[in-house]
Amino acid sequence: MRPTASETDTIAAIATPLGEGGLAVLRVSGPQALAIADRIFTPPARGGIPASAAPSHTVHFGHAAHNGRRIDEVLLTVMRAPRTFTREDVVEISCHGGVFVARQVLDALLAAGARLALPANSPAARS
């Protein structure tokens, strides 16, 4: 049996409730999670490492960027398979709260190759 697109895609979503809060968390999950994070995450010039080189279950400071423009200062958490809830690579990005910044980071993740996560009960998520 061939895996479905929903089993092989890398998905991204805002994981915190929308609204005005101090932080927003975005989650990227799937086989390309680390590569996608590398496309939008810029570590500090000194001592920083890309997401793909980070050990599992570590947190890294840097910036989220899209088209060469900084979006926000972020903390990037790397969790490597199989030691995650979904048993696949997961990256969580914590940015400043509010809808505007979280949406910009999500748009950058989607432009970098992630697909928007769908509710588990949606017909498209089951296909």
Practice problem: Sort out which residues of region 95-118 are assigned to a helix (DSSP H, G or I), in contact with a strand residue (DSSP E or B) (Cβ under 9 Å, 6 or more places away or on another chain) and hydrophobic (A, V, I, L, M, F, W, C), and write them in order of number. | Solution: VAL99, VAL101, ALA102, VAL105, LEU106, ALA108, LEU109, LEU110, ALA111
Quiz item: Would it be correct to say that GLU92 is modelled with pLDDT of 95 or more and either surrounded by fewer than 20 Cβ atoms within 10 Å (Cβ to Cβ) or within 21 Å of ALA120 (Cα to Cα) (or both)?
Solution: yes
Self-check item: Qualifying residue in region 27-38 (condition: at pLDDT below 95 and among the polar types (S, T, N, Q))
Solution: no
Practice problem: Give the number of residues within region 33-47 that are outside any loop (DSSP other than H, G, I, E, B) and either surrounded by 21 or more Cβ atoms within 10 Å (Cβ to Cβ) or at positive phi (or both). | Solution: 6
Quiz item: Considering only residues of region 15-32 that are part of a strand (DSSP E or B) and touching a helix residue (DSSP H, G or I) at 6+ places or on another chain (Cβ under 7 Å), which is nearest to GLU88 (Cα to Cα)?
Solution: VAL28
Exercise. Inspect region 52-75 for any residue being touching a Pro at 6+ places or on another chain (Cβ under 8 Å), in contact (Cβ under 8 Å) with a residue 24 or more places away in the chain and either part of a loop (DSSP other than H, G, I, E, B) or on the phi > 0 side of the Ramachandran plot (or both) and give the result as yes or no.
Key: no
Practice problem: State yes or no: is PHE61 modelled with pLDDT of 95 or more, aromatic (Phe, Trp, Tyr) and either out of contact with any helix residue (DSSP H, G or I) (no Cβ under 8 Å at 6 or more places or on another chain) or surrounded by fewer than 15 Cβ atoms within 10 Å (Cβ to Cβ) (or both)? | Solution: yes
Quiz item: Considering region 17-32 alone, what residues qualify as being on the phi > 0 side of the Ramachandran plot and surrounded by fewer than 15 Cβ atoms within 10 Å (Cβ to Cβ)?
Solution: GLY19
Exercise. With the condition kept exactly as written, say whether any residue in region 1-16 is surrounded by fewer than 14 Cβ atoms within 10 Å (Cβ to Cβ), at pLDDT below 95, among the β-branched types (Val, Ile, Thr) and more than 17 Å from VAL101 (Cβ to Cβ).
Key: yes
Quiz item: Among the residues of region 69-89, is there at least one that is under 15 Å from the mean Cα position of the chain (by Cα), surrounded by fewer than 20 Cβ atoms within 10 Å (Cβ to Cβ) and closer than 13 Å to ALA15 by Cα?
Solution: no
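The values are calculated or read from the model by the stated rules, or taken from the named source; none is laboratory data. This is a predicted model, so every value here is computed, not measured. Note that we place each Cβ from the backbone using ideal geometry, even for glycine, and neighbour counts take in every protein chain shown.
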